[in-house]
Amino acid sequence: MPKESDETSKEEQNKIDKDDTVETSEEMIRKSSRRNIPSPHRLTPQSSPPRFVSVEELMETAKGVTNLALAHEIVMNSDFQVKPYEPGEGSLEKTVKEIMHKAFWDCLESQLNDDPPSYSHAVTLVGEIKETLLSFLLPGQSRLRGQIEEALDISLIQQEAENRALDINKVAKFIIDMMGTFCAPCRDEDIKQLREITDIVPLFKSIFAVLDKMKIDMANFAVSSLRPHLLQQSVEYERKKFHEFLEKQPNALDFTQKWLQDTADYVTEGGATCTPNSAQLTIHNHAYLRLLKWDHDTESFPETLLMDQGRFQEMQQELEQLALVASVLLIVYNSAGEAISGLPGLMERLKKTIKILLAEMHTPSFNADETFAAVAEKLCVELRGCLAQHGFSPFSSDRENILKGQIVAAKSADNPIRKVIDSRIQMYLLGFLESSAHRCAPALPGGLTPISKELEEIAVKLGRLVTFNKLVYSPFYHKILQDILKQGESLDV
């Protein structure tokens, strides 16, 4: 792979630690029939093909976008793993698969029970198992390759079968021994169970099931080995791939341009002051913050961030929940005053209660009125017990009802306390983006102490995501922002 030419970009890039949790799965598909056995699965990634291009260009671009998305996911998501694909329960695909597999295994059993037994299907199975075992080998493992080629010589096995001299149990034992050599330690129990199966058909079915698991293990090992190398080269790779896509789709930056233009207008209307040298950076940082307030149902996401849209949406939902937690806690502590100030463990108990009750706040079934009424009731019960435990007088009914009303009112996005908390969260995140790696993190604004840990985790996640995105797409952003600022200057004149 080519070395990174830009040393500054490399230094920033090395700071990126991939800790998001967006999950991508491998789709595993295999057609089988009475003459085609259940076989290895293959990767079938999804992509949205470009329009208005030739078939050849479409195929080439689709492949590029697929590879780009996969490489990006591996780099940005440290939890990325290949997972086996299973059709949905009750689906037509699952039904057809089960019928075809049953037909094959029934046919194999019928052949083996014939007198004399027929081994045509069994030999086919051994051939496929042999190819799978060979695929596990590294280039330098010539000794093991020789052992597999010799022990699973399909021509010889076919001759033995025709001459009624085939010892299928001996062949199966060799296969299991070789699987035990290749498998990860987590599969040792599976190999042990294989050795205990005596009937040929159940044994071969189980061998294929374990081989499928081993393929997934090997794929995930390859991913973990590939990640450090991908990280080193991913900036240039993603930039190159996007440039190729842009050549085929010249309008592929329309939404990105609108995103930056709208942000520039927002910054200007807000009266933000910045020097010409810092204008681009200011607009750009504000643009990323706007993505944390995005209406994903009605607004088109910038093309340069489509692969991370799910991550931004996840952070957005986490921040909305944290803003509510901080707002409710601020209301409670302002209402109770010194009576509960500084009591050990109380803050965490109240916070945990609120988070549990708000856990489903972004699901369609969430009922805000009922949930916030429950939050108010639970917190008042907690306060009642805490005040009694520490010798304080309980709240009067009127005072408790007022507190409940204030807590329920926090559900509204227009609630003054919630708006203040939300504004301070945005201020903190902006300060985090503006501060360089060599400077201290921004001071935590008032009212955010209860959520400081979670907020810092999100800020770090956002910072890494933004840094990587800037490194990849900086040439495109620079040109767009230059044009926007020039247009603004001409309008001022």
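Readers should treat all values here as calculations from the given coordinates under stated rules, not as data from a laboratory. Note that the structure is a prediction, hence the values are computed from the model and not measured. Please note: Cβ atoms are built from the backbone with ideal geometry, for glycine as well, and neighbour counts cover all protein chains shown.
Stretched out fully, how many nm does the piece from ILE154 to ALA222 gain, at 0.36 nm a residue minus the Cα gap?
In short, 21.6 nm is gained.
What ranking of LEU358, LEU125 emerges when the number of other C-beta atoms within 10 Å of each C-beta is taken as an exposure proxy, fewest first?
Listing LEU358, LEU125 from fewest to most nearby Cβ atoms yields LEU358, LEU125.
Using the Cα gyration tensor of the stretch 254-492, with a ≥ b ≥ c the square roots of its eigenvalues, what is the shape: rounded (a/c below 1.5), prolate (a/b larger than b/c) or oblate (neither)?
prolate
What full-extension length gain, to one decimal in nm, is calculated for ALA388 and GLU89 as 0.36 nm per residue of separation minus the Cα-Cα distance?
Fully extending the segment from ALA388 to GLU89 adds 102.3 nm.
Per residue of the stretch 281-287, in order, report the coupling 6.51 cos²θ - 1.76 cosθ + 1.60 (Karplus, θ = phi - 60°) as ³J(HN,Hα) in whole Hz, putting x for Gly and Pro.
Going residue by residue, I get 5, 4, 4, 5, 5, 5, 4 Hz, with x marking Gly and Pro.
Could you work out the relative contact order of the stretch 287-410? I mean the mean sequence separation of Cα pairs under 8 Å and 6+ apart, divided by the number of residues, in percent.
Over the stretch 287-410, the number comes to 26 percent.
Rounded, prolate or oblate: which fits the stretch 238-332, taking a ≥ b ≥ c as square roots of the Cα gyration tensor eigenvalues, rounded meaning a/c under 1.5, else prolate when a/b beats b/c?
Oblate.
Taking other Cβ within 10 Å of each residue's Cβ, how do MET214, MET427 sort, fewest first?
MET427, MET214
Could you tell me the center-to-center distance, by alpha carbons, between the stretch 124-200 and the stretch 369-418 in angstrom?
Cα centres, the stretch 124-200 to the stretch 369-418: 68 Å.
Please turn the phi angles of the stretch 374-384 into ³J(HN,Hα) values with the Karplus equation 6.51 cos²θ - 1.76 cosθ + 1.60 (θ = phi - 60°), one per residue in order, whole Hz, x for glycine and proline.
Listing the rounded values in order: 5, 4, 4, 5, 4, 5, 5, 5, 4, 5, 4 Hz.
With Cβ to Cβ distances under 15 Å as the rule, what net charge do the other residues near GLY180 carry (K, R +1; D, E -1)?
So the environment of GLY180 carries a net charge of -1.
Which of CYS380, CYS107, CYS186 has the fewest other C-beta atoms within 10 Å, and how do the rest follow up to the most?
Ranked by crowding around the Cβ, least crowded first: CYS186, CYS107, CYS380.
With θ taken as phi - 60° and the coefficients 6.51, -1.76 and 1.60, list the Karplus ³J(HN,Hα) couplings across the stretch 390-396 in order, rounded to whole Hz; mark glycine and proline as x.
My calculation for the stretch 390-396 gives 9, x, 9, 5, x, 5, 6 Hz in order.
What trypsin sites (Lys or Arg not before Pro) in the stretch 141-236 are in a loop by DSSP, with at most 13 other Cβ atoms within 10 Å of the Cβ?
ARG164
Order of 259-267, 346-354 by packing, highest average Cβ count within 10 Å first?
Per-residue mean Cβ counts within 10 Å order the peptides as 259-267, 346-354.
Could you give the nm distance between label points at LEU134 and ASN401, where each point is 7 Å from its Cα heading toward the beta carbon?
Reported label-point gap for LEU134 and ASN401 is 8.3 nm.
Students often get this wrong: which residues of the stretch 171-185 have the backbone nitrogen under 19 Å from the point 7 angstrom along Cα-to-C-beta of GLN141?
Zone members listed by number: 172-185.
How long is the gain from LYS170 to LYS192 if the chain were fully straight, where each residue apart is worth 0.36 nm and the alpha carbon distance is subtracted?
Length difference between fully extended and current span is 6.3 nm.
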